[in-house]
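Written out below as structure tokens is the structure these notes cover.
Laboratory data are not the source of any read-out in this text; all were calculated from the coordinates shown. Predicted, not measured: the structure shown is a model, and the values here were computed from it. Heads up, the Cβs are rebuilt from the backbone with ideal geometry, glycines too, and the neighbour counts pull from every protein chain shown.
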Amino acid sequence: MSTAIPPLASRNVAVIGAGASGLAAARELRREGHRVVVFERGDQVGGTWIYTPNVESDLLGTNPDRPVVHSSLYQSLRTNLPREIMGFQDYPFVKRESNGRDGRRFPGHKEVLMYLQDFASAFGINELVRFETEVVSAKLADSGKWRVRSRGRGGVGVDEIYDAVVVCNGHFTQPRIADIPGCGCDRSVADDKLGKLPGFENMWLHSLIDSVHEDGRVVFKDGNAVCADVILHCTGYKYHFPFLETNGAVTVDDNCVEPLYKHVFPPALAPWLSFVGIPWKVVPFIMCELQSKWIAGILSNRIALPSKEEMMEDVKAFYSSLEISGMPKRYAHCLGKGQQWDYNNWIAAQCGIPPVEEWRQKMYEAASKSRVLKPVAYRDHWEDDDLVLQAQQDFSRCLKS
């Protein structure tokens with residue numbers, strides 16, 4: 001007995017956020033024939049790549065009513081990945097010769113923002129974006145569709161109905177902190193190689209923090225102590241979806257968004273709710289591009305998802321594997337240099353497209369190795385000219401097609 005294939009469908013889709021993940025989602029959804037609205041509370045596209053010198057009055061972000069500064073960039077930031085592997089597959093992040101552009105292989109943040117702006121312009125995405133419009137709530141209506149309430153410049157709430165919601169609000173805004181006696185901060189991560197860090201003249205690695213005192217004294221588990229003028233919290237950020245109402249179908253526990261099938265779909269609400277860009281320690285743009293292709297194809301009925309029960313079993317098996325390996329739940333979305341390529345290629349296979357180019361993986365591994373061996377100079381001294389040549393050949397074919 002054959003199973004009937006449903007006809008292709010065009011959906012009304014709300015995309016929340018116009019950073020890299022939202023731009024990728026908007027493009028792929030429209031390519032697939034869906035009708036798309038992108039909600040962006042800022043006044044331009046680019047998300048976390050929009051730099052501002054402003055800082056929050058509450059630097060630890062403990063006050064929920066504080067004026068939030070959404071950028072997590074610092075002024076001198078340069079990418080830690082070469083531009084060749086950062087770009088979307090069919091829109092290469094190539095060096096541009098025009099004034100004001102940064103042609104370095106590891107460019108500054110402004111160049112990445114300009115690349116994303118170029119991408120949005122090239123594919124007509126700006127016309128889909130409602131700028132300075134914040135999503136206040138997104139919840140299921142009685143009809144089974146999504147009721148999205150947004151608030152624009154005038155401050156008046158607007159309710160609209162969508163078939164699907166794609167969450168692309170990023171995860172580099174809300175600080176993640178934990179309690180240490182005497183100070184609200186996360187615990188330092190240390191290994192057995194304590195002491196002065198090789199390659200740096202002014203950096204030392206200490207053991208775990210035991211306590212912090214009002215006089216600035218920081219006491220470590222091994223009994224050593226230092227007096228600190230400034231305590232800089234390098235504890236990362238947490239997933240935060242204050243607008244999302246799912247009646248418990250999606251929760252965040254120990255910084256793990258759960259349950260998510262392949263880091264994208266909550267089984268109980270799939271495919272009508274999805275997330276783009278959740279995994280970290282990855283090459284983000286291409287992953288977001290592939291996730292977006294997958295979501296778009298599923299919403300149009302061109303690609304099939306497993307049953308809700310099968311997806312949930314897969315999620316449970318994944319959590320079980322984390323537990324067996326001793327991996328804390330907060331690392332559930334950390335793919336790292338090994339897993340991300342298998343993950344990307346699995347999604348590519350679901351979409352019926354070729355796997356990610358091999359040179360991207362090799363270039364990522366070369367950059368990672370160089371970062372360890374030359375922690376200060378790796379951005380300006382590299383030994384992967386053969387991979388750069390492969391990338392340029394691919395880019396030339398892409399630009400001609």
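Return the FRET efficiency for the residue pair L194, V156: r is the Cβ-Cβ distance, R0 is 60 Å, and the value is rounded to the nearest 0.05. Mind showing how you got there, number by number?
Working: r = 57 Å, r/R0 = 0.95.
Approximately 0.60, to the nearest 0.05.
Inter-part distance, the range 89-129 to the range 266-340, computed on C-alpha centroids, equals 28 Å. Per residue of the range 74-84, what does 6.51 cos²θ - 1.76 cosθ + 1.60 with θ = phi - 60° give for ³J(HN,Hα)? Whole Hz please, x for Gly and Pro, Karplus curve as stated. Computed from phi, the couplings for the range 74-84 are 10, 4, 8, 4, 10, 5, 9, 10, x, 4, 4 Hz. Measuring against 30 Å, Cα to Cα, the residue pairs K293/K374; K139/K308; K110/K293; K238/K262; K145/K400; K110/K281 contain K293/K374; K145/K400 as the ones spanning a longer distance. A cut-off of 5 Å between modelled amide H atoms, ignoring neighbours fewer than 5 places along the same chain, links G87 with F93.
Taking amide hydrogens as placed 1.01 Å from N in the peptide plane, the amide H of D210 sits under 5 Å from those of V219, F220, K221, each at least 5 positions away in sequence or on another chain.
In the chain, helices alone account for a calculated mean residue ellipticity at 222 nm of -9000 deg cm²/dmol, with every DSSP H run of four or more residues adding -39,500 (n - 2.57). Based on Cα contacts under 8 Å between residues 6+ apart, the chain shows a relative contact order of 18 percent.
If every alpha-carbon in the range 1-110 counts as one equal scatterer, what log10 I(q)/I(0) does Debye give at q = 0.11, 0.19, 0.23 1/Å? For the range 1-110 at q = 0.11, 0.19, 0.23 Å⁻¹, log10 I(q)/I(0) is -0.55, -1.13, -1.29.
The modelled label-to-label distance between S321 and D254, using points 7 Å beyond Cα along the C-beta direction, is 1.8 nm.
Restricting the count to DSSP beta bridges whose residues both fall in the chain, what percent are antiparallel, rounded to a multiple of 5? In the chain, approximately 65 percent of DSSP beta bridges are antiparallel ones. Distances between placed amide hydrogens fall under 5 Å for V136 paired with R149, S150, R151, all partners being 5 or more residues away or on another chain.
In this calculation the C-beta distance from T235 to D142 is compared with R0 = 35 Å, giving a FRET efficiency of 0.25. Once both labels are positioned 7 Å from their Cα atoms along Cα-to-Cβ, the gap between S10 and E127 label points is 1.4 nm.
Highest GNM mean-square fluctuation among R78, R105, R217, for the chain modelled with Cα contacts below 10 Å: R217.
Taking springs between alpha-carbon atoms closer than 10 angstrom, which of P64, P107, P328 fluctuates most in the Gaussian network model of the chain? With Cα springs under 10 Å in the chain, the top fluctuation among P64, P107, P328 is at P64. Extension gain, S207-A377: 0.36 nm per intervening residue step, less the Cα-Cα distance, totals 58.5 nm.
Sort out the exposed loop GluC sites (Glu not before Pro) in the chain (DSSP loop, at most 11 other Cβ within 10 Å) and tell me the longest stretch that has none.
Working: sites that count: E97, E201, E214, E383.
That gives 215-382 as the longest site-free run.
Assuming R0 = 35 Å, what is the FRET efficiency of N345 and E309, from their Cβ-Cβ distance, to the nearest 0.05? The calculated FRET efficiency here is 0.85. Working note: Karplus 6.51/-1.76/1.60 with θ = phi - 60° gives the range 19-36 the couplings x, 4, 5, x, 5, 4, 5, 4, 5, 5, 5, 5, 4, 7, x, 7, 9, 10 Hz, where Gly and Pro are set to x.
Other residues within the sphere of radius under 13 Å centred on the Cβ of A120, judged by their own Cβ, net out at -1 (K and R +1, D and E -1). Choose one answer from S292, S76, S21: the residue with the largest mean-square fluctuation in a GNM of the chain with alpha-carbon springs under 10 Å. Ranking S292, S76, S21 by mean-square fluctuation puts S76 first. Measuring between their Cα centroids, the range 361-401 and the range 213-233 lie 40 Å from each other. 3J(HN,Hα) along the range 353-369: 10, x, x, 4, 4, 5, 5, 5, 5, 5, 5, 4, 5, 5, 5, 5, 5 Hz, from the Karplus curve 6.51 cos²θ - 1.76 cosθ + 1.60 with θ = phi - 60°, whole Hz, x for Gly and Pro.
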